[in-house]
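Novice: Following this message is one structure expressed as structure tokens.
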Amino acid sequence: MIIDTSHIPDEPGSYLFMDEEGTVIYVGKAKNLRKRVQSYFRKNESDPKTAVLVGAIRSVDFIATASETEALILENTLIKKHQPKYNIDLKDAKSYAFIQLSDDPYPRIGIARKTVPKGSFFGPFVSGRERDHLLAMVKKIFGLRSCRRLPKRACLRYHIGTCPAPCIGAIGQQAYAERVRQATEVLKGRTKNLILELKAEMERLSAACAFESAITIRETITALEHLAGRRMVTPKHASEGDLINYRVTGGEVYLLLFHQRNGTLMEKEEYQFTESPDFLSEFLVQYYSDHEVPGEVILPEKVDDAITDYLTKLRGKGVLITIPKQGGKRELLDLAGKNVDLTWFSGEERVHALRRALHLREMPDIIECFDISHLSGTAAVGSMVRFRGGRPDKKNYRRYSLKTAEGGDDPGSIREVVRRRYSRLIKEEKELPNLIIIDGGKAQLSAAYSELKNLDLEVPVISIAKREEEIYMPTIPYPLPIPADDPASLLIQEIRDEAHRFAVTYNRIRRRKKVIP
């Protein structure tokens, strides 16, 4: 399909791609509309996802703007209006919910999906589990009512001690209001100040010999300290703002956004959506059009300057976009990346990602990895670690003192430990792995593959080279096209690193034994 772009100007603006029915299927923004639209239709310059989009385009429309910043604003408006098929859809994320305190004389606490003029709202909470835990704890600690209407007689919650029963006048409005005030402090994240306040009250009651009341407050303090420990993680290098990191695999984006407030990582928000061109910029525009814009946003890669201008306009004052290469903020960014892996690719999820990446016939539930360690050819040892379900299976780790291979002969050493490991498993009729990983390049891989053939084993085997984290298979002369930050590659690296650690530790033990008389 040939698209006529002669009518499209060399101006900033937003463009709209339509299908054969005239439905808007993608909205984008550009500093130069003509060049951006033309870039989609150049041969051999689009990834598979973009190729699918281009194949569905039948016409193009555009709206010119005075600046790229205005184009961003317009793009966001058009996306919300048309909900195009090929733009990212933040509805894929977990639904938001607030905790609400009503504006009744005896306020009730509950969950609200959206804010209304009446009442106080806290959130939104992306994690339903954390929201429900917080709600349950606040209800339990402060005894706030959750009934929609005050009943005419006390309910079960009063009899089990979790509600003070304002319905029957068992608590006065002033005393109940104090409970609401304290609960509000917790819901706003001001738990530390409230704990200090309660400790002072506990000491006062103890001095007045009101020990039962002091014990009750002590129990409240313990519960609040537990809640504070669950909800907040203090980083080494505190700063204000939001922090975003993500992984892209299989055409899907897995993204985490952390809020940093008062030097604390307060909450994380999880998003999963289909990859699209400029998805990070598009995410920032969509997200911050509906959320408070912080003073700083920490990202893993650079975005257009127009994004900064757009966020500044939304906030009403300057916004700093930071792409740290080292230091404390880089550590936090790496921490967010690790949380992406733990959230979506821990355990079975990572094993599934590995199977897809390597096109394996069976799920690699049991993975074994070999490494060789020596010091200038001396005290050479081998290690084998086993992972089951994406997790270390340490009771099945093995160490090998090399018997036949000479020190420094890594391929020969790999050949020996592979032969010893699997000849024994075959002899004892024990469980074989679904995947074997060799720490090394093509020479070590070839040695392992040859030994497996000698044993008539058809277990898939790969190797990973340290420098570029390149992954090889025996029958393919070039490395597999798996990025180093792909979840499958990250799992392979983790297993390789564990095998290396295990081998080095054993090598040091051997050398110490030689030194000690």
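The values are calculated or read from the model by the stated rules, or taken from the named source; none is laboratory data. Note that this is a predicted model, so its numbers are computed, not measured. Reconstructed Cβ throughout: ideal geometry from the backbone, glycine too, with neighbour counts over all protein chains shown. Heavy atoms of the whole protein, side chains included, go into the accessibility calculation; ligands, DNA and RNA do not. Shrake-Rupley method; radii C 1.70, N 1.55, O 1.52, S 1.80 Å.
Novice: Could you calculate the FRET efficiency of THR222 with GLU331 from 1/(1 + (r/R0)^6), where r is the beta carbon distance between them and R0 is 45 Å, rounded to 0.05?
Specialist: 0.90
Novice: So, one more: Sorted from largest down, what three extents in whole angstroms do the Cα atoms of the range 369-496 have along their principal axes?
Specialist: 37, 35, 28
Novice: Once you wrap a convex hull around the alpha carbon atoms of the range 1-78, what is its projected area averaged over all directions, in nm²?
Specialist: For the Cα atoms of the range 1-78, the hull's average projected area reads 4.9 nm².
Novice: Between GLU428 and LYS317, what length comes free when the chain is fully extended (0.36 nm per residue of separation minus the Cα-Cα distance, one decimal in nm)?
Specialist: 32.9 nm
Novice: Where a Cα-Cα gap under 21 Å defines reach, which lysines qualify for LYS118, not counting those fewer than 8 residues away within the same chain?
Specialist: LYS139, LYS188
Novice: Could I ask something else about it? Let me know the Kirkwood hydrodynamic radius for the range 410-451, please, with Cα pairs as the basis and the value in Å to one decimal.
Specialist: One decimal place: 10.7 Å for the Kirkwood radius.
Novice: Give the residues of the range 134-148 whose amide nitrogen is closer than 18 Å to a point set 7 Å from the Cα of VAL180 in the direction of its Cβ.
Specialist: Residues passing the 18 Å test: 138-148.
Novice: Calculate one ³J(HN,Hα) per residue across the range 306-312 by plugging θ = phi - 60° into the Karplus curve 6.51 cos²θ - 1.76 cosθ + 1.60, and present them in order as whole Hz with x for glycine and proline.
Specialist: 4, 5, 4, 4, 5, 5, 4
Novice: Work out the FRET efficiency for LYS81 and LYS199 from their Cβ-Cβ distance, taking R0 = 41 Å, and round it to the nearest 0.05.
Specialist: For LYS81 and LYS199, the calculated efficiency is 0.15.
Novice: Once label points are set 7 Å from the Cα along Cα→Cβ at both ASP305 and ILE476, what is their separation, rounded to one decimal in nm?
Specialist: Calculated label separation equals 4.1 nm.
Novice: Let me ask you something else. Evaluate the distance, in nm, between pseudo-label points positioned 7 Å from the Cα of ASP19 and of LYS31 along their respective Cα→Cβ axes.
Specialist: Distance between label points: 3.3 nm.
Novice: Let me ask another. Is the chain best put as rounded, prolate or oblate by its Cα gyration tensor, with a ≥ b ≥ c the root eigenvalues, rounded for a/c under 1.5, and otherwise prolate when a/b is larger than b/c, oblate when not?
Specialist: oblate
Novice: I would also like to ask the following. Under the definition of Cα pairs under 8 Å and six or more residues apart, what whole-number percent is the relative contact order of the range 1-89?
Specialist: Relative contact order comes out at 40 percent.
Novice: Further question: Could you tell me the accessible area of SER67 in Å² (1.4 Å probe, neighbours in place), rounded to the nearest ten?
Specialist: Surface open to solvent at SER67 totals about 40 Å².
Novice: Continuing with this model, one more query. If you build the Cα gyration tensor of the range 1-40 and take the root of 5 times each eigenvalue, what three semi-axes come out, in whole angstrom, biggest first?
Specialist: They are 18, 12, 8 Å, listed largest first.
Novice: Rounded to the nearest 0.05, what FRET efficiency do GLU468 and ARG398 have when you use their Cβ-Cβ distance and R0 = 25 Å?
Specialist: Efficiency for this residue pair is about 0.30.
Novice: Would you kindly find the accessible area of PHE279, with a 1.4 Å probe and non-protein molecules such as ligands, DNA and RNA excluded, rounding to the nearest 10 Å²?
Specialist: Accessible surface of PHE279 is approximately 20 Å².
Novice: Also, I was wondering about something else. In Å³ and rounded to a whole number, note down the convex hull volume per residue for the Cα atoms of the range 123-206.
Specialist: 123 Å³
Novice: Full-extension gain between CYS209 and ARG148, please, as 0.36 nm times their residue separation minus the C-alpha to C-alpha distance.
Specialist: That pair, CYS209 and ARG148, stretches by 18.1 nm at full extension.
Novice: Please give the Cα centre distance for the range 381-454 versus the range 158-229, rounded to the nearest Å.
Specialist: So the separation of the two Cα centres works out to 60 Å.
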